[in-house]
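Undergrad: Take a look at the following structure, please.
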Amino acid sequence: MSSQIIPVEPFDYVVFGGTGDLAERKLLPALYHRQLAGQLSDPTRIIGASRTALTDAEYRKFAVDALKEHLKPGEFDDAQIKTFCDRLFYIAVDAKSDLGWDKLKDLLDEGKDRVRAFYLAVAPGIFGDISEKIRDHKLITKHTRIVVEKPIGRDLASANELNNTIGKVFREEQIFRIDHYLGKETVQNLMALRFANALYEPLWNSAHIDHVQISVAESVGLESRAGYYDKAGALRDMVQNHILQLLCLVAMEVPSSMDAEAVRDEKLKVLRALKPIDQYNVERLTVRGQYRAGASAGGPVKGYLEELEGGVSNTETFVGIKAEIGNWRWAGVPFYIRTGKRLAARMSEIVITFKPIPHSIFDPSAGRIEANQLIIRLQPDEGVKQSLMIKDPGPGGMRLRNVSLDMSFAEAFDARNADAYERLLLDVVRNNQTLFMRRDEVEAAWHWVDPILKAWEATGQQVQGYTAGTWGPSQAIALIERDGRTWHET
Ligand code: BG6
């Protein structure tokens with residue numbers, strides 16, 4: 001089975017930070033892939049913008065180099081690259097002065113009626129300056145949208161301030177806040193699984209579900225992001241956004257439709273129902289970890305402190321949390337969350353463990369009857385597994401076995417697995433906000449995360465060391481095992 005491609009109307013994407021890391025690694029390859037798929041219509045343009053002085057030709061070379069580096073063998077097609085390059089333009093602009101803005105206006109005015117999207121792939125500190133320049137130079141048309149990336153603040157107050165700054169220039173419906181996890185294929189599949197099947201929804205509550213696990217494990221370490229990461233830590237970097245979004249999709253009520261407001265209203269209710277974690281329960285409900293020297297697939301790796309220039313830090317590279325949602329559907333069902341860098345593997349999954357059967361009719365010799373689990377694998381090897389107890393085949397006595405109905409998407413479909421940005425970039429053009437975060441959602445997430453940060457500070461909760469290449473500190477295992485449960489083994 002392959003997917004169906006519907007071209008989108010022509011657009012102008014202006015990428016501020018057009019020569020930066022995100023543009024190079026994600027945005028340009030994603031737009032190229034959409035062209036390969038036949039989804040871009042003429043005269044779509046992609047306009048790189050940043051302070052560096054470059055000609056269009058130099059920007060095209062930058063893009064070709066980026067594509068060579070980030071495409072898979074066979075995806076680099078000379079004719080397609082030429083068409084893609086013809087769409088690329090570059091304007092040097094300065095967020096703090098008027099340099100380049102008139103030129104940008106002249107270029108954009110060639111396509112006044114087209115969808116116009118401004119992507120701020122820059123530090124949040126200049127979101128305000130750029131927004132004001134866009135307004136002052138009259139670049140906003142009826143079809144204008146603005147796209148912003150995390151981090152949206154480092155706490156509730158700074159998130160509020162940032163949202164206010166952008167909100168002075170753009171209306172909420174023009175603002176697309178990206179959380180790239182929402183663009184991942186399996187994350188959307190979670191909605192299909194829950195709402196396009198009659199099977200699960202009646203069981204999707206505390207009467208039938210024992211607990212939920214959300215694991216987002218990375219094998220990489222700091223990479224070259226020490227400056228940002230050491231100030232952020234895993235709670236801000238992964239939990240406030242990606243993991244809480246996953247939790248919302250698992251826990252939300254059935255929205256009345258896939259309409260953006262309907263879906264986001266339901267996610268918001270979940271965020272608001274999260275039980276507070278504060279200085280009185282933080283040590284029981286959270287674990288902070290930091291990797292020490294160890295090994296990854298590529299061989300020995302340094303510890304976090306050795307990677308930092310300063311060498312002293314209490315920033316967590318791992319966080320484990322036992323969260324609870326205070327509403328009728330989920331009362332008493334723990335949501336165990338863990339995420340970390342330099343773990344044993346790159347693996348993200350959501351595991352729904354159902355309650356055990358109430359009574360066994362089988363003789364103990366049939367073996368242990370394990371609770372059913374639904375495992376949604378986000379990456380790698382995207383897919384869904386449903387574990388079931390069956391009879392071990394054969395003429396002997398009744399022996400029970402736990403087996404999985406295992407659907408790997410790569411095997412079931414011949415479509416390539418598109419990167420999250422491919423969908424999200426074009427959803428902006430399609431004006432579909434369903435997979436983007438609304439302001440109140442971002443703020444509600446901070447509203448839950450802020451007290452955890454404060455509680456860590458108030459209690460002086462230290463990071464626990466874990467060896468790089470393992471599954472995190474032993475306290476994270478204790479977090480779940482003291483409730484008589486275990487992390488799902490991949
Ligand atoms: C980013 C975080 O938002 O997500 C990174 O800032 C993290 O620290 C990345 O590595 C993980 O994304 P993915 O798609 O590789 O799971």
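Undergrad: Residues that are closer than 27 Å to P276 by Cβ and modelled with pLDDT of 95 or more: find the strands (runs of 3 or more DSSP E) completely inside segment 299-392 holding 1 or more of those.
TA: Details: elements: 299-301, 318-323, 335-340, 347-354, 373-379, 383-391.
Those strands (runs of 3 or more DSSP E) span 318-323, 335-340, 347-354.
Undergrad: Need pairs with beta-carbon distance below 7 Å; first residue without any contact (Cβ under 8 Å) to a residue 24 or more places away in the chain and within segment 401-418, second loosely packed, with under 13 Cβ neighbours inside 10 Å and among the charged types (D, E, K, R); sequence gap 6+ or separate chains.
TA: none
Undergrad: Still on this model: Does segment 216-223 include one or more residues that are surrounded by fewer than 20 Cβ atoms within 10 Å (Cβ to Cβ), over 20 Å from K269 (Cβ atoms) and free of Cβ contacts under 8 Å to residues at least 60 places away in the same chain?
TA: yes
Undergrad: Tell me which of these D265 doesn't satisfy, since it passes every other one: (1) within 13 Å of the ligand (Cβ to nearest atom); (2) crowded, with 17+ Cβ neighbours inside 10 Å; (3) of a type in the set (D, E); (4) over 18 Å from I452 (Cα atoms).
TA: Failing condition for D265: (1).
Undergrad: Something else: Name the strands (runs of 3 or more DSSP E) wholly within segment 1-111 that hold at least 1 residues that are within 24 Å of A415 (Cβ to Cβ) and in contact with a His (Cβ under 9 Å, 6 or more places away or on another chain)?
TA: 11-16
Undergrad: Could you please let me know if R177 is within 16 Å of the ligand (Cβ to nearest atom) and modelled with pLDDT of 95 or more?
TA: yes
Undergrad: Still on this structure: Go through (1) part of a strand (DSSP E or B); (2) surrounded by 13 or more Cβ atoms within 10 Å (Cβ to Cβ) one by one and return the number of the condition L405 breaks.
TA: With respect to (1) part of a strand (DSSP E or B); (2) surrounded by 13 or more Cβ atoms within 10 Å (Cβ to Cβ), L405 is out only on (2).
Undergrad: Consider L425 carefully, then state whether it is closer than 30 Å to R145 by Cβ and not basic (K, R).
TA: yes
Undergrad: Of everything in segment 240-262, what is of a type in the set (V, I, T) and within 16 Å of the ligand (Cβ to nearest atom)? Give them in sequence order.
TA: Once the filter is applied, which keeps residues that are of a type in the set (V, I, T) and within 16 Å of the ligand (Cβ to nearest atom), segment 240-262 yields only I243.
Undergrad: Another question about this same structure. Scan L190, L156 and give me the residue that is away from the ligand (no atom under 15 Å from the Cβ), more than 27 Å from L453 (Cβ to Cβ) and touching a residue at least 24 places away in the same chain (Cβ under 8 Å).
TA: L190
Undergrad: Within segment 182-208, can you find the residues that are farther than 18 Å from M407 by Cα and buried (at least 21 other Cβ atoms within 10 Å of the Cβ)?
TA: Selection gives L182, G183.
Undergrad: Looking only at segment 224-239, count how many residues are within 10 Å of the ligand (Cβ to nearest atom) and part of a helix (DSSP H, G or I). So that I can check it myself, show each step before the final result.
TA: Applying the first criterion (within 10 Å of the ligand (Cβ to nearest atom)) to segment 224-239 yields 225, 228-229, 232, 234, 236-238.
Next, from what is left, pick out any that are part of a helix (DSSP H, G or I): 228-229, 232, 234, 236-238.
Result for segment 224-239: 7.
Undergrad: Any residue in segment 244-260 that's among the acidic types (D, E): show its pairings with residues that are buried (at least 20 other Cβ atoms within 10 Å of the Cβ) at Cβ separation under 9 Å, as long as the two are six or more apart or on different chains.
TA: The qualifying pairs are E253/V270.
The values are calculated or read from the model by the stated rules, or taken from the named source; none is laboratory data. In this text the structure is predicted, and so the values were computed from the model without any measurement. We place every Cβ from the backbone using ideal geometry, glycine too, and count neighbours over all the protein chains shown.
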